[in-house]
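Okay, structure first, notes after.
The values are calculated or read from the model by the stated rules, or taken from the named source; none is laboratory data. Remember, it's a predicted structure, so these values are computed and weren't measured experimentally. Note that each Cβ is placed from the backbone with ideal geometry, even for glycine, and that neighbours are counted across all protein chains shown.
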Amino acid sequence: MKKILLLIIVLALVVGASILGLSRDWQKPAIKLTEATHVNQSVVVMASDNRGLGEVCYYLDGKIDGKSCINAGGSTSYELTVDLSALADGEHEVCVVAADANPYFPNRISECRSYVLDKVPPRVVLESATRYMQRGGGAAVFVSTPERETNIRLTVGEHQFRFISNAEGTRHFAVFAHPHDVEVADFKPMVVVEDLAGNTRRLLIGTVTKDRQFKHDTLNIPHSFIERKSLEMLNKEGAGKEAFLEMNRTMRVENRARIKSITSAAQSPEPLWNGPFYRNLGAPKAQFAEPRTYLLDKEVIDHQTHYGIDIAGLAKMPIKAANNGVVIFAEYLGIYGNCVIIDHGGRVFTMYAHLSQMDVSPGMNVDKKEVVGRSGNTGMAGGDHLHYATYISEVPVEPSEWFDPAWLQTRINDIYNDFKAEE
Ligand SMILES: [Zn+2]
């Protein structure tokens, strides 16, 4: 009899200890709710537990009686979508209670979070924009968004153009381009506005774009040129097609990527220019967006596009800044040789290439007509000339528009002035 009693006591102790042990091994589940402060439809709950989840419940706005539950069936993680779309816009509280699958003493965790439910897409109003532009040219737009705290961007196909916004975030200005390689029918400058809740609204800017033909040019490349440039640009010997393509293709692609990273890192948001851009003196030698065919021993070896204008004057002539701005680059850059890039604010940049000498360095402020260096033939240049280019964001555009006071006033400055005017 005594033996049986002892056995029962021992058994009870073992079972009790094992239950206790079992429950101690169970950790509380973890829950993670959507982190945004604003939502437009639902809140996502991620529940997890190292040994399995039991019941996961949620309730809205403190109404614990109205809670709804699911059984996660012992899975270690479970994603639950709490649909708020039937509720009225405004602030709502979402509470979640999750239990683990411990059969004896389920561990529970609860968390509540408040959200602003906003199902209304933001409004965007086109206040003013350039009406007439040309393929390869620039334009400007001013839009307003009555709702604050929106994210706004302008896209043209794969290209993005950044807006400058007022302090309230309700008025926005951007300079944008019709890239020369985009057909008129495919040119769709689109303003995309997204609010904090993720609602979006798109607006198509109705510009009238004139198509244009770009003059074609054929260049005969002498072996002696390749020989000289291969040493300068590649630091190795070569006088044939291979060396030429390494410079004219591979290096060109790298140089363009570098220009894109330089311009996208530029810091001056507000336009710094004052009046029309200055054109350095000299004879025009090559035009913007000229398609070029390269011949070596009468054989076609390459095709490229010329993204600036070439101006030839006296050798080693002083080269002047086209307008006020900040120097953001002054270095040797492959096909462009010694190259200076100036940020004029408003996402507008000018570039001065093939220089024999550079008189400025990054971070320097320059005034219009201030000397930045001297012309030369460094990089992919046969003779002494200035390669001058204008970029809107990373898109090269027709530089001559910016030399024209009437064009600059009506196409860009008038729209910027509307943006800056008091409401
Ligand atoms: Zn050029």
>> Among the listed residues F187, F173, identify the single one that is within 20 Å of I412 (Cα to Cα) and in contact with a helix residue (DSSP H, G or I) (Cβ under 9 Å, 6 or more places away or on another chain).
In response: F173
> Out of all the residues in the stretch 391-423, which are in a helix (DSSP H, G or I), of a type in the set (S, T, Y) and under 20 Å from V182 (Cβ atoms)?
Replying inline: S400
> When residues of the stretch 363-384 are filtered for being of a type in the set (A, V, I, L, M, F, W, C), surrounded by 20 or more Cβ atoms within 10 Å (Cβ to Cβ) and in a loop (DSSP other than H, G, I, E, B), how many remain?
Replying inline: 2
> Among A265, A239, which is outside the structural domain of I152 (by TED's automatic domain parsing) and touching a helix residue (DSSP H, G or I) at 6+ places or on another chain (Cβ under 8 Å)?
Replying inline: A239
> Out of (1) farther than 30 Å from P146 by Cβ; (2) surrounded by fewer than 20 Cβ atoms within 10 Å (Cβ to Cβ), what's the single condition that is false for A330?
Replying inline: (2)
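This table checks each residue for (1) surrounded by 15 or more Cβ atoms within 10 Å (Cβ to Cβ); (2) in contact with a Ser or Thr (Cβ under 8 Å, 6 or more places away or on another chain); (3) part of a strand (DSSP E or B).
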position: P106; (1), (2), (3): yes, no, no
position: Y115; (1), (2), (3): yes, yes, yes
position: G136; (1), (2), (3): yes, no, no
position: A139; (1), (2), (3): yes, yes, yes
position: F142; (1), (2), (3): yes, yes, yes
position: L154; (1), (2), (3): yes, no, yes
position: E168; (1), (2), (3): no, no, no
> Scanning the stretch 294-345 for residues that are in contact with a Leu (Cβ under 8 Å, 6 or more places away or on another chain) and among the β-branched types (V, I, T), which turns out farthest from S361 (Cα to Cα)?
Replying inline: I301
> Name the pairs whose Cβ atoms lie under 7 Å apart, with the first residue in the stretch 298-325 and among the basic types (K, R), the second buried (at least 22 other Cβ atoms within 10 Å of the Cβ), and 6 or more positions between them or separate chains?
Replying inline: K316/S375; K316/G376; K320/V372
> Going through the stretch 170-186 one residue at a time, which ones are within 16 Å of K210 (Cα to Cα) and surrounded by 17 or more Cβ atoms within 10 Å (Cβ to Cβ)?
Replying inline: F176, A177, H178, P179, H180, V182
> Does G346 satisfy the condition of being within 20 Å of S261 (Cα to Cα) and part of a loop (DSSP other than H, G, I, E, B)?
Replying inline: yes
> Is it the case that some residue within the stretch 292-311 is in contact with an Asp or Glu (Cβ under 8 Å, 6 or more places away or on another chain), hydrophobic (A, V, I, L, M, F, W, C) and either under 23 Å from M233 (Cα atoms) or buried (at least 20 other Cβ atoms within 10 Å of the Cβ) (or both)?
Replying inline: no
> Do any strands (runs of 3 or more DSSP E) lying entirely in the stretch 188-256 carry at least 1 residues that are surrounded by 14 or more Cβ atoms within 10 Å (Cβ to Cβ) and of a type in the set (A, V, I, L, M), and which ones are they?
Replying inline: 190-194, 200-204, 217-220
> For the stretch 335-362, what are the residues that are within 16 Å of the ligand (Cβ to nearest atom), small (G, A, S) and crowded, with 21+ Cβ neighbours inside 10 Å?
Replying inline: G337, A353
> Hey, which of the strands (runs of 3 or more DSSP E) in the stretch 275-333, taking only ones fully inside, have at least 2 residues that are more than 16 Å from the ligand (Cβ to nearest atom)?
Replying inline: 290-296, 299-306, 318-320, 325-332
> modelled with pLDDT under 95, within 16 Å of the ligand (Cβ to nearest atom) and surrounded by fewer than 22 Cβ atoms within 10 Å (Cβ to Cβ) - does that describe any residue in the stretch 393-405?
Replying inline: no
